[in-house]
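Data first, discussion second: the structure below is written as structure tokens.
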Amino acid sequence: MASFFYPHRFISTNSMLRTYSHRTLSAGTLMLLSACAAHPPVIPPATETPQVTNDFPTQARVEYVLQCMDQHGGQNFDNLYHCICAIDKLAEKFHYQELSEAQTFTYLYDTPGERGAEFRDPPHAKILRDKLKDARKTIDSVCFPALPKNSTSRK
């Protein structure tokens, strides 16, 4: 049995545990009972479809936006807003893990030989590549609209 020495008294760990656990148990039990009584469990209806959780880490969002801005002509406010729109649309359609896998399968699709087979051949890889391709088409039309042509001409 361990003991602790305090300047004004000597206390054993057994007496400390008995006193502490008794107080904690009664206070904890009261808190649990009051919480259960105050908040009945909420069960969602079975007809609702689960929503995609926005689980993208901040660093991944920033890296995507910076890469997107580089691909669209550099860092400026116009590209910033368009690329933020793009990552928001991707976050609506993908979980972060799913997007990471889709990008990996897409970027490494052209790897030659047996090493590339891991990224080309699995059916799951094709499904994710197609989903990413469709999402990018939607993003291009929504977030990067075509600029209207100037209708005034010089004569």
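Laboratory data are not the source of any read-out in this text; all were calculated from the coordinates shown. As the structure is a computational prediction, the values presented were derived from the model and not from experiment. Cβ atoms come from the backbone with ideal geometry, glycine included; neighbour counts cover every protein chain shown.
Numbers below:
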{"item": "Within straight-line cross-link reach of Lys149, aspartates and glutamates at Cα separation under 19 Å, skipping those fewer than 8 residues along the same chain", "result": "Asp78, Asp140"}
{"item": "Net charge, Lys131 excluded, C-beta distance under 14 Å - Lys, Arg +1, Asp, Glu -1", "result": "+2"}
